[in-house]
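*Asks:* Please read through the structure below; I'll follow up with questions.
The values are calculated or read from the model by the stated rules, or taken from the named source; none is laboratory data. Here the structure is a predicted model, which is why all the values come from computation and not from measurement. No Cβ is skipped: glycine too gets one built from the backbone with ideal geometry, and neighbour counts run over all protein chains shown.
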């Protein structure tokens, strides 16, 4: 039977880093009226935290401390709350990486339903730099950090730095981002929520994108 991990009392090897950062927009998500729920019993479409290039769902991505998957908020990057890591994966990771102080692991479900769990130390930096350059108040939570490409929010695993469970971006925000950044080749999107559900976001445009925008303006 699957079980929850134990013995995760290791000290946090990272410190949360913040700096002054102001969002470009703020939204009150509660002010938007949602359509009345339908009486029909329909199955909600499944939205995994991220997908691979081949369209496979990523069920979990986090840091691995001495072979043990960490569920600390500062270490978790992607997680489907409905997914429980099977015991044989826990045992395999502990046996192979019990002497590795810290690395990263991703659990992916293949198209045939089988699970694989590659280990990648590059995930350490993704957790370490999660809030770099972003000011987050004590009553706020980072909901999403990912790439935005020509106004399209990317949920490809290689682009998503962090996602709060399977949280979905409200459609009106998706549309606003598409309208504002349709001409921006690449940027880094942050969406933050306070304890009342009010959302704010900011997009850090890549240096190359800024240079292209400036050049285009000079030609006008």
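*Asks:* Any chance the range 133-144 includes a residue that's in the same structural domain as residue 200 (by TED's automatic domain parsing), over 25 Å from residue 205 (Cα atoms) and assigned to a loop (DSSP other than H, G, I, E, B)?
*Replies:* yes
*Asks:* Further question: Identify the single condition in (1) assigned to a helix (DSSP H, G or I); (2) over 17 Å from the mean Cα position of the chain (by Cα) that residue 121 does not satisfy, given that it satisfies every other one.
*Replies:* Just one mismatch for residue 121, condition (1).
*Asks:* Let me ask another. Checking residue 111 against (1) within 17 Å of residue 55 (Cβ to Cβ); (2) surrounded by 11 or more Cβ atoms within 10 Å (Cβ to Cβ), which test does it fail?
*Replies:* Here residue 111 clears every test but (2).
*Asks:* Just the residues that are free of Cβ contacts under 8 Å to residues at least 40 places away in the same chain and part of a helix (DSSP H, G or I), please, taken from the range 145-184.
*Replies:* Once the filter is applied, which keeps residues that are free of Cβ contacts under 8 Å to residues at least 40 places away in the same chain and part of a helix (DSSP H, G or I), the range 145-184 yields 171, 174, 175, 177, 178, 179, 180, 181.
*Asks:* Examine the range 3-26 for a residue that is over 22 Å from residue 124 (Cα atoms) and modelled with pLDDT of 50 or more, and state whether such a residue exists.
*Replies:* Checked the range 3-26: at least one residue is over 22 Å from residue 124 (Cα atoms) and modelled with pLDDT of 50 or more.
To keep it simple, each residue is scored yes or no on (1) at pLDDT below 95; (2) within 19 Å of residue 49 (Cβ to Cβ).
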residue: 179; (1), (2): no, no
residue: 189; (1), (2): no, yes
residue: 201; (1), (2): yes, yes
residue: 208; (1), (2): yes, no
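*Asks:* Looking at this structure, is residue 37 within 25 Å of residue 154 (Cβ to Cβ), at pLDDT below 95 and either over 18 Å from the mean Cα position of the chain (by Cα) or not assigned by TED's automatic domain parsing to the domain that holds residue 121 (or both)?
*Replies:* No: the conditions fail for residue 37.
*Asks:* Within the bounds of the range 94-106, is there any residue that is part of a loop (DSSP other than H, G, I, E, B) and without any contact (Cβ under 8 Å) to a residue 24 or more places away in the chain?
*Replies:* No, the range 94-106 has no match at all.
*Asks:* If you take the residues of the range 162-194 that are within 21 Å of residue 109 (Cβ to Cβ) and in contact with a strand residue (DSSP E or B) (Cβ under 6 Å, 6 or more places away or on another chain), which of them is surrounded by the fewest Cβ atoms within 10 Å (Cβ to Cβ)?
*Replies:* Out of the qualifying residues, it is 167.
*Asks:* Criterion first (over 20 Å from residue 73 (Cβ atoms), crowded, with 17+ Cβ neighbours inside 10 Å, at pLDDT below 95 and under 19 Å from the mean Cα position of the chain (by Cα)) does residue 151 satisfy it?
*Replies:* no
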